[in-house]
């Protein structure tokens, strides 16, 4: 629990470094419900975006700027390469890390995200306001923004518990506006063929915020990419189906990364 380059970060567990990148205007507290699971297998690094939640500075205007922040954090922590795992808007940031800082990426995980353009999430004013306030209102579990309708119906108390994590350390109105614009302007479909790192695309089968078609497009256009669909889960699949999601990640990791992982030197040259 510290700051580096103005970014609030935490580090938990041991193993290969896993950089967890949170989504639109949301603090990294959203990972806390599953942190015990993931930290049994990985050295988990989670952080708040610059200008957001507990981090300092002004929010970057583009996904590329947010990606540069992620690379600088790895440098500050003397981590040569990491598995970079982004969720929702964090997946856009992770994709930019893979494009701009490929040498820092051992593997890329794009969760519930989009290449932008026509596959960007379609949010009206009510949805934007609802998410800015924490995803879905605790008094109404009908809004299909985060979890599948079946999960909301069958586990209302658990939904209320999980929603509380989305509401912690809220971002300012200025940061919400900047990140909304950055997400709206994000478009990488024509660049996907340039990704040169093993990639896992994960998506909830019942995601009603970012269509599964976006995940299918990412997996089809990125070389050496696989698609893993979490059955029955919504946008926040990692919280709705934590063990199933982790198992899919570990299966890919064991097959694609762990056995062929090169040994790294401890020294990291500063980003320029």
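Observations, loosely collected:
- Segment 2-256: C-alpha gyration tensor shape, a/c 1.5 cut-off, then a/b vs b/c: rounded
- Exposure proxy ranking, count of Cβ atoms within 10 Å, fewest first, for 250, 162: 250, 162
- Relative packing of peptides 41-48, 70-77 - highest average C-beta neighbours within 10 Å first: 41-48, 70-77
- Taking the fewest neighbouring Cβ atoms within 10 Å as the starting point, the ordered list for 194, 81, 170 is 194, 170, 81.
- Counted residue by residue at 0.36 nm each, then reduced by the alpha carbon distance between them, the extension gain from residue 2 to residue 221 reaches 75.1 nm.
- In terms of its C-alpha gyration tensor, segment 149-226 has an oblate overall shape, because the principal axis ratio a/c (a ≥ b ≥ c, square roots of the eigenvalues) is not below 1.5 and a/b does not outweigh b/c.
- The length gained by stretching the chain between residue 169 and residue 243 to full extension, at 0.36 nm per residue less their Cα-Cα distance, is 24.0 nm.
- Measuring r between the beta carbons of residue 100 and residue 36 and using R0 = 35 Å, the FRET efficiency lands at 0.65.
- Relative contact order of segment 2-256, pairs being alpha-carbon contacts under 8 Å that are 6 or more residues apart, as %: 21 percent
- If the segment from residue 187 to residue 61 were pulled out straight at 0.36 nm per residue, it would be longer than the present Cα-Cα gap by 43.9 nm.
Throughout, read-outs are computed from the coordinates displayed, never taken from laboratory work. Keep in mind that what you see is a predicted model, and the values were worked out from it rather than measured. Glycine gets a Cβ as well: all are built from the backbone with ideal geometry, and neighbour counts include every protein chain shown.
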